[in-house]
1. Could you tell me whether segment 320-332 includes any residue that is surrounded by fewer than 16 Cβ atoms within 10 Å (Cβ to Cβ), touching a residue at least 24 places away in the same chain (Cβ under 8 Å) and over 20 Å from M26 (Cα atoms)?
2. Restricting the first residue to segment 198-226 and requiring it to be within 21 Å of Q99 (Cα to Cα) and assigned to a loop (DSSP other than H, G, I, E, B), which pairs with a second residue that is of a type outside the set (A, V, I, L, M, F, W, C) and more than 11 Å from the ligand (Cβ to nearest atom) meet a Cβ separation below 6 Å and a spacing of at least six or different chains?
3. From the list R215, R198, R244, pick out the single residue that is among the basic types (K, R) and either more than 30 Å from D147 (Cα to Cα) or in the same structural domain as I344 (by TED's automatic domain parsing) (or both).
4. Please work out which residue is surrounded by the most Cβ atoms within 10 Å (Cβ to Cβ), limiting yourself to segment 27-48 and to residues that are within 16 Å of the ligand (Cβ to nearest atom) and within 15 Å of G11 (Cα to Cα).
5. Any chance segment 324-343 includes a residue that's touching a strand residue (DSSP E or B) at 6+ places or on another chain (Cβ under 8 Å), outside any helix (DSSP H, G or I), among the basic types (K, R) and at pLDDT 95 or above?
6. Looking at A63, is it farther than 15 Å from V238 by Cβ, outside any helix (DSSP H, G or I) and within 15 Å of the ligand (Cβ to nearest atom)?
7. In this structure, does G229 turn out to be within 13 Å of the ligand (Cβ to nearest atom), under 22 Å from L56 (Cα atoms) and touching a residue at least 40 places away in the same chain (Cβ under 8 Å)?
8. Taking the conditions exactly as written (of a type in the set (G, A, S) and more than 30 Å from Y52 (Cβ to Cβ)), does G260 satisfy them or not?
Amino acid sequence: MTDQYWPTAEGRLSGRVDLDGREMIMLSSNDYLGLAGDERVLAGAHRALDAYGSGLGLNPSIALTRVHRELADELTAFLGCESVLLFNSCAAANCATLQTLADTPGSTIVSDEYNHASIVDGCRLARGRTRVYRHDDLGSLEQVGADLTGADRTLVVTDGVFSMEGSIARLDQLEPLAGRLGAELVVDDSHGIGVIGRTGRGSVEHHGSAVSTLRTGTFAKALGAGLGGFLAGPAAIVDEVRSRGRFFIFTSPMPAASAGAAVAAIRSIRDDLSRLELLRANVARFRRGMEETGWELLDSPGPIVPVMIRDDERARRVAAVLRDRGIFTAAFSYPVVPRGMARIRVQISAAHTDHHLDAAIDAFAEAARLEPDHRS
Ligand SMILES: Cc1ncc(COP(=O)(O)O)c(C=O)c1O
């Protein structure tokens with residue numbers, strides 16, 4: 001028997017999951033639209049797998065399959081951008097983009113302090129220097145930007161949707177600010193693509209920002225494709241990363257099956273907004289129900305609903321109560337979030353039923369009864 005370090009899931013995800021033989025309601029998955037178990041998406045994956053096998057066994061700079069080309073074309077049209085480059089993950093897309101575009105000692109990356117770990121890694125790999133501004137603080141960004149004159153190239157990089165807060169970066173203000181600094185804005189929209197903006201085009205659509213903004217993202221969250229990432233933006237910049245990006249050239253491509261799944265997912269989102277509408281109704285139902293429980297929720301616009309517990313130990317106790325009631329969540333404490341800001345990050349999905357959501361709210365209410373001073 002192998003030693004297991006992780007809970008083991010059986011069966012397809014659909015708002016619930018069998019973990020270690022126990023049925024749990026899943027409140028901690030990025031499968032926001034319920035596409036990971038969707039028949040159309042799975043059919044796309046199966047078709048690509050049958051057509052191309054498990055892979056070409058080549059690096060993507062040598063050759064890719066027709067389904068990869070189809071995916072790049074679909075995404076280009078979906079985002080309204082000039083060009084798309086595919087990666088095996090968004091982590092790779094972030095590292096390749098930042099490392100390539102800030103590859104001289106005279107270049108600078110200006111980065112929000114709450115940015116995702118893979119953005120931090122990209123900054124570390126770049127030969128340019130990194131300056132960090134306080135989270136969502138444009139004054140701090142301006143201050144950092146004030147002494148950048150003479151930089152070879154400047155990038156301002158931000159999560160589109162911050163994964164621990166669920167909040168959307170203020171691209172409407174970041175964009176002109178980056179322009180004044182002579183910088184390119186890079187937005188990692190991993191948690192925005194498919195779910196934010198009126199038609200799910202992401203945080204750029206939400207803010208009505210320029211579609212020429214450089215965007216990275218993942219196919220492994222709302223798009224339900226299991227694996228894969230992208231860089232989207234002006235062809236000249238995307239080509240720079242295509243020709244020099246180490247995380248593009250010297251690693252394997254996303255599998256054809258994931259590319260086939262992603263093509264089907266994008267078409268599904270493009271053609272039918274009902275999943276997005278269901279997701280929004282589910283978020284509203286969960287937020288309404290949670291008001292009664294007295295737990296504090298961060299005010300986020302999308303499917304990430306952080307339930308603020310603040311104290312690390314209490315967060316663990318609450319997660320344990322939820323688990324006992326069949327609700328799977330993740331408690332985050334320092335250093336993943338700042339000290340005193342422990343939270344349960346709830347992620348709502350279109351795959352949740354009213355029963356799932358109501359059971360989760362009841363479990364939070366039960367946890368509140370066990371923590372009588374939780375409002376203080
Ligand atoms: C903001 C953000 N960027 C990038 C990633 C990494 O995505 P991928 O799993 O495709 O590497 C994640 C996922 O954890 C994320 O939350």
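The values are calculated or read from the model by the stated rules, or taken from the named source; none is laboratory data. Keep in mind the model is a prediction, meaning the values are calculated, not measured. Virtual Cβ from ideal backbone geometry, glycine too; neighbours counted across all protein chains shown.
1. Within segment 320-332 (the criterion being surrounded by fewer than 16 Cβ atoms within 10 Å (Cβ to Cβ), touching a residue at least 24 places away in the same chain (Cβ under 8 Å) and over 20 Å from M26 (Cα atoms)), the answer is no, since none of the residues qualifies.
2. S212/P234
3. After applying the criteria, what remains is R198.
4. L35
5. Yes, segment 324-343 contains at least one residue that is touching a strand residue (DSSP E or B) at 6+ places or on another chain (Cβ under 8 Å), outside any helix (DSSP H, G or I), among the basic types (K, R) and at pLDDT 95 or above.
6. Here the answer is no, as A63 does not meet what is asked.
7. yes
8. Taking the combined requirement at face value, the residue does not satisfy it.
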